[in-house]
């Protein structure tokens, strides 16, 4: 299943932050964008271990207009889990 994730850009002083809006409390970070996206994939799998159903994925276009994610970039993460 594909999930949209919001990425807060990092720099030399701050890590890249990643939030999964469809999974409250599911987030991760990394020193590089690739590392942050890999880490959030692992966070999603761990998050879903406690669920019997996969949460529905919100359309990325809907999330882009959310004020709390202004200035963030969006990526889609594919997660294969047996729930």
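Computed from the coordinates by the stated procedures, all read-outs in this text should not be read as laboratory data. What you are looking at is a predicted structure, and each value in this text was computed from that prediction instead of being measured. Neighbour counts are summed over all protein chains in view; Cβ atoms, including those assigned to glycine, are modelled from backbone coordinates with ideal geometry.
Ranked highest first by average number of other Cβ atoms within 10 Å, how do 15-21, 61-67 line up?
15-21, 61-67
Calculate the radius of gyration of the Cα atoms of the chain to one decimal place, then report Dmax, the largest Cα-Cα distance, as a whole number, both in Å.
So, for the chain, Rg and Dmax equal 12.4, 40 Å respectively.
Taking neighbour counts of Cβ atoms within 10 Å as a proxy for exposure, in what order, fewest first, do 77, 44 appear?
Listing 77, 44 from fewest to most nearby Cβ atoms yields 77, 44.
Can you give the angle from 0 to 90° between the axis of helix 33-48 and the longest principal axis of the chain, with both taken from C-alpha atoms, to the nearest 10?
30 degrees
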